[in-house]
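This report refers to the structure that appears directly beneath it.
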Amino acid sequence: MPTSHRSPIALSLAGFYTAWTILPVTLLLWFAQAGLFSSSAMGQTAVDSSVPPSQRVLEDARRRLIERGEFPGQEEFEQPFIPNGQEFEAYRLGPGDSIFVNVLRFADLSFQGTLDLQGNVIVPLVGALPLEGLTVEQAREQIRVALDRFVIDPQVDVILIAQRPVQVTILGEVVRPGLYPLQAPQLSTALVSAGGTTGLADLRTVRIRRSFANGETLEQEFDLFSPLRDAATVPDIQLTDGDIIVVPTLTEADRQDYDRALIARSTLAQQQINIRVVNYAGTRGGVIGNLTLPNGSSFVDALTTISPSLDSADLRKIALIRFDVEQGRAVTQEINGRNALRGDFSQDPMLEHNDVIIVGRNLIARITYALNTFTQPFRDVLGFLLFFDSLATSADNLFRPGGSSDD
């Protein structure tokens, strides 16, 4: 190629090389003139080798922006939260929650952190960022917006890796109402921690009452019965600190459409029930004692456990006495044990916690008479149980020869 044709190309390449080599120096001088970099950042001798150069430059720029008052404060990130019913089931971050944040294409900006007592998490370049009261998706967007001031179009993923423990109050038809700390803040865990629901619980309208930081309180009902009946997934609601759970009482009018046996066999209900037994026709004579049976057990289950003497017991007349909460008194049902053993379901009712079974015809009459002549109604189930506990102190009178069922 002639020399006259090579010279312009060579000059162009030389000029491009010169511009490329002096461009970084020109940019640094421009930033220094703007006051974004300190002299220590440009000429410092002691450099932390553990921090990547790109991050050191960005951190220095961030400090300069703060000094000049051009960096946004926390108030620009804070967004007032207004709760609504649709967002009730969403889990909201709070102090103690741990998250992992992955920033694609910027590995230096990815981090794992825990919200502090003020609900903040430390984000690289940004500093303390408030995330309390936000859902995981809202936190992702909050972090993305904050990082967007430093990098172009950051793609952020947020994963909740550890939930904070919460403390909730459980009231109503559970075995042990009260205040419970929960490591796994789910509704089902709360019910099991309280000993399970009682036989009078109505799981169709379990209420959760929640208070928010702005002073507003919301209450929402959840149906745990229909999924069990329809073989569907039971909703496991995420709980937050301070939630109040109320399990209502099943009314008499609703009992016809409510499968209590199904609930009794579920893991949400009380797992074991206690049955008191007054048995004259035992192999050892008169016996007053307790039976512990799985919840959902029937009368036949208790009868086979009692094992009354077939020689002295009249199985055709066995009494099942139950305290009726609505009436405030004991209700007696006479059961034909022989028919129950033969498969008559009408004579094989499902047992409830604190039921009393009486075996021995004459003894049934005497206790029933005592219940009918009792001058004051039982105020609660405790008074009902104390009545039968008092029988143990007078067992000799109950089981003396004059009280024989053969009379």
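Read the figures in this text as sums done on the coordinates, not as results from a lab. Everything numeric here is computed off the predicted structure, so don't read it as measured data. Cβ placement follows ideal geometry from the backbone for every residue including glycine, while neighbour counts extend to all protein chains displayed.
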- Residues whose placed amide H lies under 5 Å from that of A128, excluding near-sequence neighbours: V123
- Query: Using modelled amide H (1.01 Å from N, peptide plane; none on Pro or chain starts), what sits under 5 Å from the amide H of D97, excluding residues fewer than 5 places away?
  - Reply: L115, R164
- Rank by packing, highest mean first: peptides 136-144, 247-255, with packing defined as the count of other Cβ atoms within 10 Å averaged across residues. 136-144, 247-255
- Task: Would you mind calculating the gained length between F111 and S307 on full extension (0.36 nm times residue separation, minus the Cα-Cα distance), in nm to one decimal?
- Result: 64.0 nm
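What dipole magnitude, in Debye to the nearest 20, does the stretch 171-283 give about its Cα centre under +1 on Lys/Arg Cβ and -1 on Asp/Glu Cβ? Mind dumping the intermediate values first?
Details: 10 positive and 14 negative charges, 95 e Å.
For this selection, approximately 460 debye.
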- Item | P(r), alpha carbons of the stretch 205-348 - 10 Å bins starting at zero, rounded % | 9, 28, 29, 19, 10, 4, 1, 0
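Highest mean first, what order results for 95-103, 192-200, 223-231 on Cβ atoms within 10 Å?
Numbers: 95-103: 17.8, 192-200: 20.4, 223-231: 14.4.
Taking the mean over residues of other Cβ atoms within 10 Å, the ranking is 192-200, 95-103, 223-231.
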- Where does the stretch 88-215 land on Rg/Rh, using Cα atoms and the Kirkwood Rh? 1.11
- Say R0 is 25 Å: what FRET efficiency, to the nearest 0.05, do D257 and E221 get from their beta-carbon distance? 0.90
- Radius, Kirkwood style, for the stretch 98-139 when every pair of distinct Cα atoms is counted (Å): 10.8 Å
